[in-house]
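The values are calculated or read from the model by the stated rules, or taken from the named source; none is laboratory data. Please read these numbers as outputs of a predicted model, since none were measured by experiment. Don't worry about glycine lacking a Cβ; one is built from the backbone with ideal geometry, like all the others, and counts go over all protein chains shown.
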Amino acid sequence: MSHEISTRILLQQLADGSPDDDLSFDLVLDSFRHRSYGLFLLFVLIPVFIPIPAGQGAFSGLLTSLIGLQLMWQFEHPWIPKYIGRKTFKRTHIINFQRRFDPWLKWIEKLCKPRYEYAFDHAWARAFSGLLLLVLGILLALPIPLTNYPFGIIVLAFSFGFIERDGILLGLGWIMGIIEIIVLAEFSGYIIKLLEQLWAYFF
C-alpha cells in the first residue's frame, strides 16, 4: 500500500473549504478509502477534543468499539450503519481540530513513516488492535470522570498509526492501551473496596 500523504496534510485537505459546509462520514471515507480505518477513528474522536452539540460525543466510544470489532473480524474497510454514514457535520469542527492539533501534527509528521507494516496486514496483529479498541471504546463510552482525554490520546495513536502505516506508532498505542486498561482496572477495584468499606461503616 502506498504512503501518499501524512495525517496533517490529509486534515488540511479536509479543512479546505467553507466552515459552514456539511460533510458526511460516507463522503469522507469514500474520498480516503485506503486510509478509512485510521480516518474513521480520527473522526469519531473529534467530539472528545472539540465538543459538538446534541451529545454526539457520547457516540465516540461506541463507534471506536465498532471499529475494533470489524478489525477483529478482518474487514478490509470499515462498515458503518447507513444512518451514521449519512450523518452530517460542519467542516468547522475539522478546522477547529486541525488548528488545535497542528503543532502536534507537525511533530508527529517528522517522526512517522511507513514501517513494520505487517502490523496492519497480519490477521493476528489486526485482531489484537481490534480487541484493544473494543475495550478502550467501551471504557471511553462509560461516564468515568477524567478519562476522556487519556483514552482519546491513546486511540489517536491508533488512528495516526493506521493513517501513516507506522507500526511503531501502532505499537505505542498497544502499550499505552494495555497500561491504561490495567490502571483503570486497579483503580476501579480500589473504588469498589472503598465503597464496600463505607457501606459497612455506615450501615
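Put simply, of Ile154, Ile192, Ile178, Ile182 the only residue that is modelled with pLDDT under 85 and among the aliphatic types (A, V, I, L, M) is Ile192. Would the stretch 17-26 turn up any residue that is buried (at least 19 other Cβ atoms within 10 Å of the Cβ) and either touching an Asp or Glu at 6+ places or on another chain (Cβ under 9 Å) or basic (Lys, Arg) (or both)? Scanning the stretch 17-26, I find no residue that is buried (at least 19 other Cβ atoms within 10 Å of the Cβ) and either touching an Asp or Glu at 6+ places or on another chain (Cβ under 9 Å) or basic (Lys, Arg) (or both), so the answer is no. The residue list Phe75, Phe89 contains one member that is outside any helix (DSSP H, G or I), touching a residue at least 12 places away in the same chain (Cβ under 8 Å) and aromatic (Phe, Trp, Tyr), which is Phe89.
So in the stretch 4-51, with the set limited to residues that are in contact with a Leu (Cβ under 7 Å, 6 or more places away or on another chain) and among the polar types (S, T, N, Q), which one is modelled with the lowest pLDDT? Only one residue fits best here, namely Thr7. Residue-level check: of (1) surrounded by fewer than 17 Cβ atoms within 10 Å (Cβ to Cβ); (2) within 21 Å of Pro47 (Cα to Cα), Arg91 misses just (1). Pairs linking a residue in the stretch 94-118 that is under 14 Å from Ser6 (Cα atoms) to a residue that is in a helix (DSSP H, G or I) and acidic (Asp, Glu), with Cβ atoms under 6 Å and 6 or more positions apart or on different chains, are Cys112/Glu164.
Scan the stretch 105-114 and give yes if some residue there is among the aromatic types (Phe, Trp, Tyr), part of a loop (DSSP other than H, G, I, E, B) and farther than 20 Å from Val44 by Cβ, otherwise no. Within the stretch 105-114, not a single residue is among the aromatic types (Phe, Trp, Tyr), part of a loop (DSSP other than H, G, I, E, B) and farther than 20 Å from Val44 by Cβ.
The set of residues in the stretch 118-151 that are in a loop (DSSP other than H, G, I, E, B) and modelled with pLDDT of 90 or more contains only His122.
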